[in-house]
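Below is one structure, written out as structure tokens, with a few remarks after it.
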Amino acid sequence: MGDPPRRASAEGEAMYQKAKAADDAGKASSAIKKYKLVADKYPFAPSAAQARFRQAELLEQNGARVTGFYRLAVGEGIEKKEENFADEVMQQVSGG
């Protein structure tokens, strides 16, 4: 069935291609919506950053003003607790 991250990435890339096709056809409004969908729904897809950038370019061409970008990184802000199983067992055995 394939693992979910790869499937999501493939779906993101397929949506990016649809957005690019709309962009190439001159359908800016449709392309902007599709680029937004790629960047929002598939933020870790390889083309997500390019989608967000192209969305900003199209919005700017249509008179909108871009005020900032957000960058996401896998695992950012997640702290993993270091645990020692042997210490936990000894603590339980000794009644502490």
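The values are calculated or read from the model by the stated rules, or taken from the named source; none is laboratory data. All values derive from a computational prediction rather than experimental measurement. Glycine also receives a Cβ, built like all others from the backbone with ideal geometry; neighbour counts cover every protein chain displayed.
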Q. Would a scan of the range 22-34 turn up a residue that is on the phi < 0 side of the Ramachandran plot, at pLDDT below 85 and either part of a helix (DSSP H, G or I) or among the β-branched types (Val, Ile, Thr) (or both)?
A. no
Q: Run down 49, 45 and say which single residue is surrounded by 14 or more Cβ atoms within 10 Å (Cβ to Cβ), outside any helix (DSSP H, G or I) and modelled with pLDDT under 90.
A: 45
**Q.** Those residues of the range 20-51 which are under 16 Å from the mean Cα position of the chain (by Cα) and aliphatic (A, V, I, L, M), in sequence order
**A.** 37, 38, 39, 45, 48, 49, 51
Q) Name the residues in the range 71-80 that are at negative phi and modelled with pLDDT under 70, would you? A) 72, 73, 74, 76, 78, 79, 80
Q: Hey, can you tell me all the residues within the range 54-70 that are among the acidic types (Asp, Glu) and either at pLDDT below 85 or in a loop (DSSP other than H, G, I, E, B) (or both)?
A: none
Q.
What are the pairs with Cβ atoms under 9 angstrom where one residue, in the range 10-39, is over 8 Å from residue 51 (Cβ atoms) and polar (S, T, N, Q) and the other, located anywhere, is at pLDDT below 95 and surrounded by fewer than 13 Cβ atoms within 10 Å (Cβ to Cβ)? Sequence gap at least six, or different chains.
A. 29/62
Q: Would you mind telling me which numbered condition in (1) at pLDDT below 85; (2) assigned to a loop (DSSP other than H, G, I, E, B); (3) exposed (fewer than 10 other Cβ atoms within 10 Å of the Cβ) residue 87 fails?
A: (2)
